[in-house]
Every structure is written in C-alpha cells, then in structure tokens.
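S.K.: Supplied in structure tokens, the structure appears directly below.
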Amino acid sequence: MDSSMFSRRDQILIALTVLAAAAAGVMHYHPVGDLVDFIVAGLALALLAMLVGRSVEGLGDRLGPGATGVVQSALGNLPELFVVLFALNAGLVGVVQATIVGSILANVLLVLGLAFIAGGVKHGPQRFDSQAGRNLGILLLLAVLVLSVPGLTAALHTPAADHERELSLIVAFVLLAVFALSIPAALRRSTPHPAEGPADPRATDPSPKVHVEWPLWLALGMLAVTGVGAAFVSDWFVAALEPAISQLGISQTFAGLVIVAIAGNAVENVVGVQLAARNQADYALSVILQSPLQVSMIVAPAVLLLAPLVGAAGFTLVLPPVLIAVLIMSALVAVFVVFDGESTWLEGAVLVGLYVSVAAAFWWG
C-alpha cells in the first residue's frame with residue numbers, strides 16, 4: 001500500500017489505535033487492574049472511533065449524507081450487537097435492555113446535543129436538509145413506538161401479555177421489514193427543498209484540509225477493519241466492566257444505560273461531533289440519527305433472533321415501563337429539534353442537560 005495515501009496525522013492515528021487495541025487485548029488475557037483494564041479498553045474504542053471518522057471523510061463526497069450515514073452506522077453498531085450478545089450469554093438481561101435503550105438515548109440526546117454545540121459555537125446556527133431530518137426523526141419515533149408495544153402490553157396486563165415471545169418476534173420482523181423498505185430513500189442523495197432558498201454560504205468549511213484524500217476502496221476497507229476491531233475491543237471492554245462496576249460502586253442499570261451504551265456507540269459519538277464541528281451538518285445529522293434508528297430496527301430484533309444461540313431463548317423485547325418512558329421521550333425530542341432544519345448551540349445544551357438528568361435518575365438502579 002502506497003504510504004503517500006496517508007498524511008502524518010493519519011499515520012500517527014493508525015499507530016496509536018493499533019497500540020491501544022493491542023494493549024487492551026493483552027490486558028484482557030493478562031489483567032493489570034480492574035480500572036486500568038477498563039480505561040485502556042475505553043481508550044482503544046475512542047481511537048477506533050476517530051479512525052472511523054477519518055474513513056467517513058473519504059465517503060462523504062462520493063455517497064452523499066444519507067448513504068454515508070447508513071454505511072457508517074451499520075459498521076459502527078457492530079460493537080453494540082456484540083456487546084449485548086456477550087451480556088446475554090452472561091445472563092445480564094437487565095444490562096442488555098438498558099444498553100439498547102441507552103444507545104438510542106445517548107445518540108438522540110447526548111451526541112446530537114454535543115454536535116449542535118460543537119457546530120453552533122464554531123459556525124453559528126447550522127442548516128441541514130429539513131426534509132431528510134424530519135424523515136429520520138419520524139421514522140425513529142415510529143420505530144420506538146413499535147419497539148415499545150411488547151412492554152406496554154405487559155405493563156397493562158392485556159391478553160397479549162401471556163404471549164411475550166410471540167409478540168416480540170412479530171415486532172422484530174415488522175421492524176426489520178420497515179428498515180429494509182427505508183433503505184432506498186436513505187441511500188438517495190438529498191437535495192435542498194426550493195422553499196429553503198440557496199445553500200448557506202457557511203456550509204463550505206474554509207479551513208484547509210489536513211488529510212490526504214483517500215480513494216473509495218481504502219475508505220471502505222478502513223471502515224470495515226475498524227468496525228471489526230471495535231467489536232473485539234468492545235468484548236474486552238465489557239469483560240472489564242463488571243469488576244469496574246464493583247470498584248466504582250455504580251448500579252448495573254446505570255452501567256448499561258450510560259457507560260456500555262456510550263462505549264458501544266463510540267464510533268457515532270466521535271464522528272457525529274467531528275462532522276458538525278467541520279460544518280457538515282447534513283452528514284452529522286445522518287450519522288447520529290441513523291445509529292439509534294438501526295439500534296431499534298436492526299440491533300434489537302437481531303438480539304431477539306440470535307438470543308437462543310447464546311443460551312437465552314427466553315429473551316423478549318418486553319422493556320420495563322421506565323425505560324419505555326425515556327425511550328419515547330427521546331424520540332419525540334428528536335422530531336422536535338430537527339423539524340425546522342436548523343440547529344443552535346443552545347438547543348444542544350438543552351439536549352445534553354436532559355440526557356444528564358435522565359442518566360442521573362438511573363444512578364441508583
């Protein structure tokens with residue numbers, strides 16, 4: 001491979017990522033200390049996320065915002081799927097439920113909020129394709145409502161409550177089918193609506209490029225490699241998580257809702273904020289909202305279908321009422337904040353504040 005395709009910054013990032021991932025692997029098999037192992041695995045995940053962000057730059061101009069978000073989120077959610085399957089295999093059903101909800105919550109409130117802050121402070125109010133934003137937001141809301149059906153029937157003690165597994169399977173197949181139907185629209189390049197007027201002149205970042213442009217094959221290859229690497233590192237992260245929980249004295253629900261969810265979505269956490277800071281609001285919104293959409297429509301159904309293979313045949317999509325409440329609340333907030341096609345740093349601050357408040361409510365379990 002021609003080294004001229006990599007800038008010095010690329011080379012440093014790749015080297016640090018390889019070293020951190022290797023260190024996390026060594027500590028997994030030869031533990032050093034509960035918190036040390038946990039921190040090193042988390043650092044490796046963050047560096048992998050930065051490398052994915054670099055790869056997404058090579059895709060943006062070629063695929064458009066929608067396709068970039070779909071591809072990046074699909075690879076970025078691989079760690080999420082592995083994390084919850086490993087947790088299911090260990091019998092941590094509560095952690096799995098909290099992680100699924102926490103992944104949606106973190107992207108819709110925390111990451112979107114940080115992206116609005118990063119873009120708003122640096123560039124002022126940012127505009128994005130309002131139609132694409134509304135489509136993503138409404139689809140996410142509908143997916144969350146469908147995902148909540150098994151839990152609501154159980155909480156309300158309807159006749160369907162006696163058929164949790166069967167109802168969960170129906171919901172899973174509905175979510176997968178709807179996601180498949182949504183792919184063509186997501187892959188289509190978006191065009192500004194005439195009513196929105198000319199493109200915002202600030203949409204082009206005047207700062208000089210600090211990276212060498214990667215060919216498409218290299219960007220896709222790097223995305224695939226980093227996605228698989230993040231899956232392995234996520235496994236090591238989860239292995240170090242339980243000892244760290246005991247040492248830190250936090251609840252398993254909080255760990256799943258916040259720590260595991262953020263770590264499993266480290267790719268989107270970093271990439272979405274980076275794109276917003278570079279004034280690429282359309283790409284940032286697509287990457288950030290595609291992730292919770294795929295968690296609700298792919299990851300949750302996939303976990304249900306794969307559960308028997310990891311010894312959890314009784315697993316269902318019945319979520320506790322409090323998790324359903326925060327799930328629906330986060331989806332509603334997503335629809336409201338993207339509806340006008342414009343974001344500000346103040347909106348971002350409110351989103352982050354809401355996330356902190358919800359997370360704090362689960363600190364004690």
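The values are calculated or read from the model by the stated rules, or taken from the named source; none is laboratory data. This is a predicted model, so every value here is computed, not measured. Glycine also receives a Cβ, built like all others from the backbone with ideal geometry; neighbour counts cover every protein chain displayed.
S.K.: Counting only residues that are more than 16 Å from residue 96 (Cβ to Cβ), touching a residue at least 12 places away in the same chain (Cβ under 8 Å) and not in a helix (DSSP H, G or I), how many does the range 243-259 have?
M.R.: The qualifying residues number 1.
S.K.: Okay, next question. Please state which one of 124, 120 is closer than 19 Å to residue 354 by Cβ and either surrounded by fewer than 16 Cβ atoms within 10 Å (Cβ to Cβ) or touching a Ser or Thr at 6+ places or on another chain (Cβ under 7 Å) (or both). Explain how you work it out, then say what you get.
M.R.: On the way: 124 fails: closer than 19 Å to residue 354 by Cβ.
From the options 124, 120, the qualifying one is 120.
S.K.: I've got another one for you. Within the range 86-98, is even one residue more than 16 Å from residue 258 (Cα to Cα) and not in a helix (DSSP H, G or I)? Don't jump to the end; show me each part of the working.
M.R.: Within the range 86-98, the subset more than 16 Å from residue 258 (Cα to Cα) is 86, 88-91.
Among the residues that remain, those that are also not in a helix (DSSP H, G or I) are: 90-91.
Among the residues of the range 86-98, at least one is more than 16 Å from residue 258 (Cα to Cα) and not in a helix (DSSP H, G or I), which makes the answer yes.
Conditions tested, residue by residue: (1) charged (D, E, K, R); (2) touching a strand residue (DSSP E or B) at 6+ places or on another chain (Cβ under 9 Å); (3) surrounded by fewer than 24 Cβ atoms within 10 Å (Cβ to Cβ); (4) without any contact (Cβ under 8 Å) to a residue 24 or more places away in the chain.
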site	(1), (2), (3), (4)
274	no, no, yes, no
307	no, no, yes, no
322	no, no, yes, yes
344	no, yes, yes, no
350	no, no, yes, no
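S.K.: Quick check on my filter: what residues within the range 310-329 are outside any loop (DSSP other than H, G, I, E, B) and at pLDDT 90 or above?
M.R.: Just the residues of the range 310-329 that are outside any loop (DSSP other than H, G, I, E, B), to begin with: 310, 321-329.
Residues satisfying the conditions are 321, 322, 323, 324, 325, 326, 327, 328, 329.
S.K.: Would you confirm, using the coordinates I've provided, whether residue 184 is within 28 Å of residue 252 (Cα to Cα) and assigned to a helix (DSSP H, G or I)? Give the steps one after another, and end with the answer.
M.R.: Details: within 28 Å of residue 252 (Cα to Cα): no; assigned to a helix (DSSP H, G or I): yes.
Considered against the rule, which asks whether it is within 28 Å of residue 252 (Cα to Cα) and assigned to a helix (DSSP H, G or I), residue 184 comes out as no.
S.K.: Can I ask one more? Of the residues that make up the range 152-159, is at least one crowded, with 17+ Cβ neighbours inside 10 Å, modelled with pLDDT of 80 or more and among the aliphatic types (A, V, I, L, M)? Step through it out loud before you land on a result.
M.R.: Looking only at the range 152-159, we keep the residues that are crowded, with 17+ Cβ neighbours inside 10 Å, and these are 152-154.
Then keep just the ones that are modelled with pLDDT of 80 or more; that gives 152-154.
From what is left, the residues that are among the aliphatic types (A, V, I, L, M) are 152, 154.
Yes.
S.K.: Right, something else. Take the residues in the range 117-129 that are assigned to a helix (DSSP H, G or I) and touching a strand residue (DSSP E or B) at 6+ places or on another chain (Cβ under 8 Å), then tell me which one is nearest to residue 277 (Cα to Cα). Before you say what the answer is, go through the steps one by one.
M.R.: Taking the range 117-129 and keeping what is assigned to a helix (DSSP H, G or I), we get 117-123.
Of the ones still in play, those that are also touching a strand residue (DSSP E or B) at 6+ places or on another chain (Cβ under 8 Å) are 119-120.
Details: 119: 5, 120: 8 Å.
Looking at residues that are assigned to a helix (DSSP H, G or I) and touching a strand residue (DSSP E or B) at 6+ places or on another chain (Cβ under 8 Å), I get 119.
S.K.: Of everything in the range 16-42 that's at pLDDT below 90 and under 10 Å from residue 233 (Cα atoms), which residue is nearest to the chain's Cα centre (by Cα)?
M.R.: 42
S.K.: A further question follows. Is it fair to say residue 333 is surrounded by fewer than 19 Cβ atoms within 10 Å (Cβ to Cβ), under 18 Å from the mean Cα position of the chain (by Cα) and at pLDDT 90 or above? Don't jump to the end; show me each part of the working.
M.R.: Details: surrounded by fewer than 19 Cβ atoms within 10 Å (Cβ to Cβ): no; under 18 Å from the mean Cα position of the chain (by Cα): yes; at pLDDT 90 or above: yes.
The answer is no for residue 333.
S.K.: Please state which one of 124, 137, 120 is at pLDDT 80 or above and in contact with a Gly (Cβ under 8 Å, 6 or more places away or on another chain).
M.R.: On the way: 124 fails: in contact with a Gly (Cβ under 8 Å, 6 or more places away or on another chain); 137 fails: in contact with a Gly (Cβ under 8 Å, 6 or more places away or on another chain).
None of the others qualify; the one that does is 120.
S.K.: Has the range 234-242 got any residue that is surrounded by fewer than 18 Cβ atoms within 10 Å (Cβ to Cβ), at pLDDT below 80, among the acidic types (Asp, Glu) and not in a helix (DSSP H, G or I)?
M.R.: no
Each row is one residue, and each column tells you yes or no for (1) farther than 19 Å from residue 155 by Cβ; (2) among the hydroxyl-bearing types (Ser, Thr, Tyr).
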| position | (1), (2) |
| --- | --- |
| 297 | yes, no |
| 305 | yes, no |
| 335 | yes, no |
| 347 | yes, no |
| 355 | yes, yes |
| 361 | no, no |
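S.K.: Looking only at residues that are over 16 Å from residue 122 (Cβ atoms) and either part of a loop (DSSP other than H, G, I, E, B) or among the hydroxyl-bearing types (Ser, Thr, Tyr) (or both) in the range 344-365, which one is farthest from the chain's Cα centre (by Cα)? Write out each step before concluding.
M.R.: The first filter runs over the range 344-365 and keeps only residues over 16 Å from residue 122 (Cβ atoms), leaving 350-365.
After this cut, where a residue has to be either part of a loop (DSSP other than H, G, I, E, B) or among the hydroxyl-bearing types (Ser, Thr, Tyr) (or both) as well, the list is 355, 357, 362-365.
Details: 355: 15, 357: 20, 362: 20, 363: 21, 364: 24, 365: 23 Å.
Going through the qualifying residues, I end up with 364.
S.K.: Can you pull out the residues in the range 352-365 that are surrounded by 15 or more Cβ atoms within 10 Å (Cβ to Cβ) and under 19 Å from residue 324 (Cα atoms)?
M.R.: So in the range 352-365, the residues surrounded by 15 or more Cβ atoms within 10 Å (Cβ to Cβ) come out as 352, 354-355, 358-359, 362.
Answer for the range 352-365, where residues must be surrounded by 15 or more Cβ atoms within 10 Å (Cβ to Cβ) and under 19 Å from residue 324 (Cα atoms): 354, 355, 358, 359, 362.
S.K.: Continuing with the same structure: For residue 262, indicate whether it is under 17 Å from the mean Cα position of the chain (by Cα) and either surrounded by fewer than 24 Cβ atoms within 10 Å (Cβ to Cβ) or part of a helix (DSSP H, G or I) (or both).
M.R.: Details: under 17 Å from the mean Cα position of the chain (by Cα): yes; either surrounded by fewer than 24 Cβ atoms within 10 Å (Cβ to Cβ) or part of a helix (DSSP H, G or I) (or both): yes.
Yes.
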